[in-house]
Amino acid sequence: MLYAIDLLTTRRSVKPVEMTGPGPSPAEIETILTIGARVPDHGKIVPWRFIVFEGDARAKAGDIFAKIFRLKNVTATPDQVEAEKKRFMHAPLVIAVVSRTSKHPKVPPWEQELSAGASAMNIVHAAHALGYVANWLTGWMAFDRDVMSALGLSEDEKIAGFIHIGHSARPADDRPRPALGDIVTRF
């Protein structure tokens, strides 16, 4: 039990630009994804799926981001376009969590979306448990329908987040956390 509590209290987000390799092995990726799929899923409808970006797939995604960014930001500088191209190149592994809600008589869309969020958090915790750092990000690409289509999402799917996973190039700092007295009430 202490290990689980320690794991949960020591997790920190590390910026992708501060990540390095190596990334998780194929067996570790399978473990991370398996844990990502072990979340509350009322109705057993699996309202999420994963897209794995590693190796050359990270650069391919970056080409998509740069192209769409350039088309939608005609005044963008070459440096800005290049930054979009390199978005997935810092961490050795990026996992997109795709939320896909469906009509269900007992499970509203909001609950299905929360399940996708729980899946993303499980992926972050699994990476940490395996000795990696992770950062759950969205960014403009997560909300851009052209990007979503280029990544293979259907019209009824959304990106819950991109989880960047690697090793930290430096010790991870903690950020200020809210005081429980500020966020807890008792009924």
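What to note about this one:
- Residue among Ala169, Ala160 that alone is of a type outside the set (Ser, Thr, Tyr) and surrounded by 19 or more Cβ atoms within 10 Å (Cβ to Cβ): Ala160
- Counted residues, the stretch 1-60 - those being open to solvent by less than 50 Å² (accessible area, probe 1.4 Å) and of a type in the set (Ser, Thr, Tyr): 1
- Top-ranked residue of the stretch 67-120 - restricted to ones that are assigned to a helix (DSSP H, G or I) and of a type in the set (A, V, I, L, M), ranked as surrounded by the fewest Cβ atoms within 10 Å (Cβ to Cβ): Leu71
- Residues that are farther than 25 Å from Glu113 by Cα and either assigned to a strand (DSSP E or B) or among the charged types (D, E, K, R) (or both) were ranked within the stretch 1-42; the one that is modelled with the highest pLDDT is Glu28.
- Filtered by the rule that a residue be surrounded by fewer than 22 Cβ atoms within 10 Å (Cβ to Cβ) and either under 16 Å from Ile35 (Cα atoms) or in contact with a Pro (Cβ under 6 Å, 6 or more places away or on another chain) (or both), the stretch 127-138 gives His128, Ala129, Leu130, Gly131, Trp136.
- Residue that is farthest from Ser99 (Cα to Cα), among those in the stretch 130-154 that are out of contact with any helix residue (DSSP H, G or I) (no Cβ under 6 Å at 6 or more places or on another chain) and in a helix (DSSP H, G or I): Trp140
- Among the conditions (1) of a type in the set (Gly, Ala, Ser); (2) in contact (Cβ under 8 Å) with a residue 40 or more places away in the chain; (3) over 20 Å from Ile32 (Cβ atoms), the only one that Ser149 does not satisfy is (2).
- Cβ-Cβ distances below 9 Å connect the following pairs, each with a first residue in the stretch 46-74 that is closer than 30 Å to Pro108 by Cβ, a second residue that is among the basic types (Lys, Arg) and surrounded by 15 or more Cβ atoms within 10 Å (Cβ to Cβ), and a separation of six or more residues or different chains: Val46/Arg100; Pro47/Arg100; Trp48/Arg100; Arg49/Arg100.
- Just one residue in the set Ala179, Ala169 is modelled with pLDDT under 95 and in contact with a strand residue (DSSP E or B) (Cβ under 6 Å, 6 or more places away or on another chain); that residue is Ala169.
The values are calculated or read from the model by the stated rules, or taken from the named source; none is laboratory data. Small disclaimer: the values here were computed from a predicted structure and weren't measured. Positions of Cβ are generated from backbone atoms using ideal geometry, with glycine treated the same way; all protein chains shown enter the neighbour counts. Each accessible area value is taken on the protein alone, full model and side chains, heavy atoms only, with ligands, DNA and RNA left out. Shrake-Rupley method; radii C 1.70, N 1.55, O 1.52, S 1.80 Å.
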